[in-house]
Amino acid sequence: MQSLLPIIIAAIVVFSIIALFLIISGARRKKALSSSSSQKNRQTIIREATKKLSQDPHNVAGLLSLSDLYYKEQLWDKAFPLYDTLLGIAVAHPEVDIFTTALRQGISALKNNKLEESFKGLIQARKLQPDNFEVNFYLGQAFYLNKEYDKAIPLLKKAIAINKEVQDTYKYAGLALYKFHNFRESLPYIKRALDLNPDDKELLFAMADAMNEGGSGEKALKIFMHLRPDPEFGAKSCLSAGIIHANANQHDKAILDFEIGLKHTQAPIDILTNIRYRLAHSYLALSDISRALNILKEIQQTVPGFKDVQALIARYQELSQNANLQIYLISSNSDFIALCRKIVQIYFGKTAIVKIIDITATNECTEVLTEIDTSKWQDTVIFRFYRTTGSTGELFVREFHARLRDLKAGRGLCFTAGTYTEEARKFIEGRPIDLIDKTGLIKILNKIDTKNPF
């Protein structure tokens with residue numbers, strides 16, 4: 001008996017394999033027959049419907065059967081014209097379900113990127129069933145794609161209220177709110193959509209930008225830096241990261257962001273131009289005028305007339321050729337004050353004895369109180385320096401005159417890298433104030449050797 005046991009086991013195994021093979025073969029045969037039958041059925045539907053429509057393009061039976069087939073197969077380009085025809089004749093044919101026809105016409109049009117045509121069916125469907133999920137979702141999506149975000153938002157919110165499980169609804173609702181500049185309100189929807197699809201770069205960028213606009217720049221910065229290599233959102237992310245770094249006076253990091261952004265050569269020209277513009281300003285903040293000028297000139301060549309680029313080129317070309325003017329306008333406060341001291345020392349000539357009593361620096365100007373002793377006269381003189389390149393008006397000169405009286409100074413000299421208004425010049429007539437504009441300032445600066453301190 002024991003000698004028969006292995007034979008019995010082997011027989012059972014063989015029988016099981018054969019049975020399994022027969023079952024699989026039968027299932028395949030059944031599936032093949034079903035598929036063949038389905039294909040024959042499909043061909044029959046198409047053949048019969050085509051025959052009817054060739055005789056009458058408005059044959060309802062042919063339109064209904066063929067449109068239903070194409071819609072279920074998601075052949076939107078074929079389904080759309082059929083439903084569009086059905087929608088046009090539905091009123092005269094009671095057998096046509098107007099709601100279903102309108103909804104499917106709108107969806108098919110939307111899937112074919114025919115936005116204007118989609119509104120015809122979807123708006124009609126919503127009038128018939130305003131609480132239908134598909135109606136609100138697809139009509140909201142259509143308004144979103146048409147950039148009518150104010151109309152898309154309530155529809156998408158209602159779709160979520162009807163069905164909270166559809167992922168794309170949160171995405172479109174969040175992006176519509178974001179693009180409508182409702183940044184704070186957009187974040188919960190965007191975060192929910194990202195929970196379902198964490199690799200969606202569009203959602204990531206929108207979340208970071210919304211957070212940045214809402215005051216959470218540090219959190220946003222991490223996302224922007226993560227997105228810098230992305231081919232679609234990398235350039236915009238580099239621009240945003242660079243702006244955050246530049247606003248924090250971290251210009252070295254900002255420059256790195258902007259340089260990475262410029263590697264995205266396929267990005268839109270407006271994004272690349274803004275990156276170059278910001279990069280130039282970061283170089284200027286670090287007093288690297290030559291690099292800034294090269295970038296500004298590149299902008300002028302590619303996008304003539306962009307912002308104040310032409311004026312910046314003119315200004316900084318002059319600065320690049322005049323080291324003292326460069327110090328006067330853009331160097332640190334300590335270097336600027338040191339230059340002001342040198343102007344004070346040489347202004348009345350080499351024979352004058354200059355004693356600096358006090359130096360006061362504010363956001364508006366720097367003031368040097370002195371006692372001057374020459375061979376012909378001795379007096380208290382106040383030097384005031386404005387770093388602006390704009391026009392200095394009468395109000396500032398009046399205030400300077402009041403300052404002279406308070407300190408009982410005999411004379412005042414006011415310097416600017418810009419100009420003075422006509423009213424300011426009229427005010428000093430008969431008063432002990434001299435106004436030195438940019439032209440006069442440059443003449444004085446040209447006499448100073450910054451390499452040789454006094």
Practice item. Kindly list, by first and then second residue, each pair from a residue in segment 257-273 that is touching a residue at least 12 places away in the same chain (Cβ under 8 Å) to a residue that is open to solvent by 30 Å² or more (accessible area, probe 1.4 Å) and of a type in the set (A, V, I, L, M), limited to pairs with Cβ atoms under 6 Å and residues at least 6 apart or on different chains. Key: Thr273/Val303
**Study point:** Where a residue in segment 432-449 is at pLDDT 95 or above and its partner, wherever it lies, is among the basic types (Lys, Arg) and in a helix (DSSP H, G or I), with Cβ under 8 Å and at least six apart
**Key:** Leu435/Arg425
Exercise for review: Check every one of the helices (runs of 4 or more DSSP H) wholly within segment 282-379 and list those with 1 or more residues that are out of contact with any Asp or Glu (no Cβ under 9 Å at 6 or more places or on another chain) and more than 30 Å from Leu404 (Cα to Cα).
Suggested key: 289-302, 309-320, 323-330
Check your understanding: What number of residues in segment 176-202 are among the aliphatic types (A, V, I, L, M) and either surrounded by 24 or more Cβ atoms within 10 Å (Cβ to Cβ) or in contact (Cβ under 8 Å) with a residue 60 or more places away in the chain (or both)?
Key -> 4
Check your understanding: So which of Leu395, Leu329 ends up being more than 23 Å from Asp449 (Cα to Cα) and among the hydrophobic types (A, V, I, L, M, F, W, C)?
Key -> Leu395
**Study point:** Which listed residue, of Gly62, Gly121, is part of a helix (DSSP H, G or I), of a type in the set (Gly, Ala, Ser), on the phi < 0 side of the Ramachandran plot and at pLDDT below 95
**Key:** Gly62
Check your understanding: Looking at segment 260-274, which of its residues are out of contact with any His (no Cβ under 9 Å at 6 or more places or on another chain) and surrounded by 14 or more Cβ atoms within 10 Å (Cβ to Cβ)?
Key -> Ile260, Gly261, Leu262, His264, Ala267, Thr273, Asn274
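Residue by residue, here is whether (1) within 22 Å of Asn132 (Cα to Cα); (2) under 53 Å from the mean Cα position of the chain (by Cα); (3) at pLDDT 90 or above; (4) buried (at least 18 other Cβ atoms within 10 Å of the Cβ) holds:
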| position | (1), (2), (3), (4) |
| --- | --- |
| Phe21 | no, no, no, no |
| Ala27 | no, no, no, no |
| Leu33 | no, no, no, no |
| Asp77 | no, yes, yes, no |
| Phe80 | yes, yes, yes, yes |
Practice item. Just give me the residues in segment 245-266 being closer than 10 Å to Ser282 by Cα and of a type in the set (Gly, Ala, Ser), in sequence order. Key: Ala246, Ala254
**Study point:** Pair list, Cβ < 7 Å and 6+ apart or interchain, from segment 292-306 residues that are under 10 Å from Thr273 (Cα atoms) to residues that are open to solvent by less than 60 Å² (accessible area, probe 1.4 Å) and not in a helix (DSSP H, G or I)
**Key:** Ile299/Phe306
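The values are calculated or read from the model by the stated rules, or taken from the named source; none is laboratory data. Treat the numbers as computed from the prediction; the structure is a model and nothing was measured. Virtual Cβ from ideal backbone geometry, glycine too; neighbours counted across all protein chains shown. Remember, those area values only see protein heavy atoms, side chains included, never the ligands or the DNA or RNA. Shrake-Rupley method; radii C 1.70, N 1.55, O 1.52, S 1.80 Å.
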